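Each reported figure results from applying straightforward, stated rules to the coordinates on display, with no laboratory input. These numbers come from a predicted model, not from an experiment. Ideal geometry is used to build each Cβ from the backbone, glycine not excepted, and the neighbour counts take in all protein chains shown.
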Amino acid sequence: MADPLVTFGNKPVARYLLAGWRRQWSNGGRISSGLPRYMIEKLDAQKIGEMDRAVSELCYPFQLPGTHDTYRPKTSYLDGLPSEPLQRENAFYDAGNGLIIFLGEEPLQQIDLYAKAFFQGIQDLGISLTVAVEGVNGSAPPDLERRINCVYSKAEMKETLQRYGVQFSSYGSEGRRGPTIAMALVTLAHYEYPDISMFRFGSMAPLYPFATRENEQLGINIDHQSYYDIMRRLRSMFELDLDLSELQALGASESKQLAERLEEIGEANAEAKQLINRIREDFVYTPFVEPVDLDPALDDALNDILRGLDT
């Protein structure tokens, strides 16, 4: 039997997995790296396991020219003495209520080995459904609900997913385009791990072609509105008892600030205003309406009323 690629200290009751990655391409609004980290801290999730050293040794180089320490493994020293070993962060956390959170680093090579470790962890924990979260920057009206794109590993998942206000992606269908880490894992699950049920939510974080005083594009660097719009879908889908009011407030505040800045730019420049208006007119998203659980007696009464209307 081959050596395991994932080690767990304990295995809690687990139903769902929320996954994201640091140091990765599709991390607009810091959705992939930030949302899992936010939920780990908010829910006081405890680390229960991680990918083994073989993954760190084979899936990452020490560094890439010109990137300084971006891809180097983490470590630290205390009074000159190493205080922790070289490490990559590919860890599983128990958030309670059957929710496991995975926060990793995008592999730079040997995606097949990385996928084997990732899916081995899912199988070892008995996870029934996995969602990977990612972000892309784009010109999206900040005051509107975020657009959530979706890809999934099993055909039968579509009927359920389409209830959650998503748009199904046809990425790459018109020409060769490289997948994100989440898309790659969904693809590998579809073709090589048929027992795994996995989907990807990709949210669009607002970014406009206007420069800030720091000579950066105008947008929302950490898009809490995307966090909120993703998590309220997952709260309903996974039947989680979560208070998302903080995310809702943070998202509304950030979106309001960007909307006000865009209004200022539009008032000062007619061409910019035309562009901002066109972006709003062209923006398409699928809204999500959270289901409401009705008291059975009230539900029966409403059904009686509806039947009466039909007569």
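Of note:
- Converting phi to 3J(HN,Hα) with the Karplus coefficients 6.51, -1.76 and 1.60 and the offset θ = phi - 60°, the range 27-34 yields 10, x, x, 6, 6, 5, 8, x Hz in sequence order, with x at every glycine or proline.
- Helical content of the chain, expressed as a calculated mean residue ellipticity at 222 nm, amounts to -12000 deg cm²/dmol (DSSP H runs of 4 or more residues, -39,500 (n - 2.57) each, divided by residue number, nearest 500).
- Using the Cβ-Cβ distance between Asn97 and Ser173 with R0 set to 30 Å, the FRET efficiency from 1/(1 + (r/R0)^6) comes to roughly 0.20.
- Taking all pairs of distinct alpha-carbon atoms in the chain, Kirkwood radius in angstrom: 21.4 Å
- Only Lys, Arg (+1) and Asp, Glu (-1) charged, at Cβ; the range 6-310 dipole about Cα centre in debye: 900 debye
- Calculated from backbone phi, Karplus (6.51, -1.76, 1.60) coupling profile of the range 282-289 in Hz, x at Gly/Pro: 8, 6, 10, 8, 10, x, 10, 10
- Subtracting the Cα-Cα distance of Gln63 and Asp241 from 0.36 nm times their residue separation leaves 59.9 nm of extension gain.
- Leading residue at positive end of dipole, the range 64-186 (Cβ point charges), from Gly135, Phe102, Ala155: Ala155
- Spin-label proximity, Leu129 to the range 83-118 - amide N less than 14 Å from point 7 Å beyond Cα toward beta carbon: 98-100
- Summarising the amide proton neighbourhood of Tyr208: residues at separation of 5 or more, or on other chains, whose placed amide H is nearer than 5 Å comprise Leu218, Gly219.
- Between the amide H of Asn137 and those of Gly28, Ala205, distances stay under 5 Å, these residues lying 5 or more places away or on another chain, with hydrogens modeled in the peptide plane.
- Rounded to the nearest 20 debye, dipole of the range 147-218 from Cβ charges on Lys, Arg, Asp, Glu: 160 debye
- Residue (of Tyr227, Ile40, Ala19) at the positive-pole extreme of the chain, dipole from beta-carbon charges: Ala19
- For Trp21, distant residues with modelled amide H under 5 Å away: Ser33, Gly104
- Near-label residues of the range 258-281 by backbone N, under 16 Å of a point 7 Å along Cα→Cβ of Ala252: 258-260
- For the range 255-261, putting each phi into the Karplus relation 6.51 cos²θ - 1.76 cosθ + 1.60 with θ = phi - 60° gives couplings of 5, 5, 4, 5, 4, 5, 5 Hz, in residue order, rounded to whole numbers and with x for Gly and Pro.
- Cross-link pairs Lys158/Lys256; Lys74/Lys154; Lys47/Lys74; Lys11/Lys154; Lys47/Lys116 - those with Cα-Cα distance over 28 Å: Lys158/Lys256; Lys74/Lys154
- Under Stokes-Einstein, with the Kirkwood radius over Cα pairs as Rh, the value for the range 218-282 at 10 °C and 1.306 mPa s is 118 µm²/s.
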